[in-house]
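Visitor: Below: one structure in structure tokens.
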Amino acid sequence: MERRQLQYFLAIADAGSFTRAASRLNVAQPSLSAAMRSLEDELGTELFERHGRGVRLTETGRALVAPARRTVRAFHLAAGAVRAAAGEGYGRLVIVSSTLWVVEPLVAVLGEFRRLHAAAQLVVTDPHNRSDVLEQVRAGDADIGVVEGLTPLTGAPPGILSSQPLGEQELVAVLPPGPEAAPASVSVADVSTHGLISTPAGTAMRTLLDEQLAASGSSAEVEVETAHVASVVPLVLARAGATILPRGMAALAAAQGARIAQLEPAARADLSLVWRTDRLSQLGEHLVLLAADHLGTGASATGDEAPVLAPLRADAS
């Protein structure tokens with residue numbers, strides 16, 4: 001079993017067609033078919049079955065997808081580590097992300113990236129508004145962005161941006177210190193009784209809070225608004241109010257005395273990495289692969305050099 005065979009297998013599985021996979025990989029379809037026949041002969045089973053004008057995975061084919069993705073990612077990570085050791089890890093990578101997502105999940109990924117690419121410069125910027133992330137990536141001001149609530153359009157025509165799921169983050173209530181223990185769970189309306197603390201309208205933190213208020217039917221408003229995300233937790237600790245944060249940031253607040261409670265109903269944010277399809281550098285490719293490996297997102301990496309991931313519409317926002 002060869003890396004090339006697994007890359008071809010994943011490309012066909014993702015495209016649902018030998019023809020589309022051959023086009024995406026820029027290889028001749030007969031070569032693709034021959035590689036799959038060889039892989040099926042080696043495994044002693046069929047991996048695809050014809051379905052209309054395309055193909056779909058057999059049961060054994062579905063069983064191969066996850067280990068194939070892990071194996072292909074491992075090849076890319078190994079190559080990146082060798083390039084770093086050979087002194088090819090120089091360069092600059094700009095990542096734009098709300099502070100909410102830097103503490104978790106980005107810091108662990110960036111730490112591992114720095115260990116592998118000690119010569120590379122990392123710049124992490126904070127957007128003024130939630131929509132600024134995609135705009136900065138589109139304009140080339142940032143190499144990679146972190147966004148929430150964005151659904152990749154797998155079947156859409158290729159666009160200017162590509163994406164990869166980055167995982168799911170639980171949102172929890174962060175309540176001011178008090179003599180009584182925090183309740184096991186609270187509603188958004190319960191949180192608002194303490195007075196809501198958040199950042200200005202349009203920011204990632206405020207948008208998440210507004211979405212939860214709207215979903216609950218609450219008419220509560222933010223009573224303490226701050227432009228500085230770093231001041232939100234100190235304000236809660238000073239008993240100026242309460243807020244909603246991702247569990248990673250909430251854990252830091254709990255360590256300083258804040259009370260943490262689960263939200264009822266549960267609230268989560270789905271995160272994605274986004275980048276310009278036409279300009280992801282080798283350093284950027286390695287960061288994307290590290291994120292997939294660290295978080296177990298199952299991202300596909302079907303090309304010879306770079307991950308081939310779900311395209312987004314050029315007008316996504």
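Visitor: Over the Cα atoms of the stretch 3-80, what radius of gyration and what Dmax do you get, in Å?
Guide: Gyration radius and largest Cα-Cα distance of the stretch 3-80: 12.1, 40 Å.
Visitor: Here's something else I'd like to know. Quick check: the distance between the Cα centres of the stretch 238-255 and the stretch 180-218, to the nearest angstrom?
Guide: 12 Å
Visitor: List the residues, sorted by chain then number, that are 5 or more residues from LEU196 or on another chain and whose placed amide H is less than 5 Å from its amide H.
Guide: Here GLU223, VAL224, ALA242 satisfy the definition.
Read-outs throughout are calculated quantities, based only on the coordinates presented, and are distinct from any laboratory measurement. Keep in mind it's a predicted model, so treat the numbers as computed, not measured.
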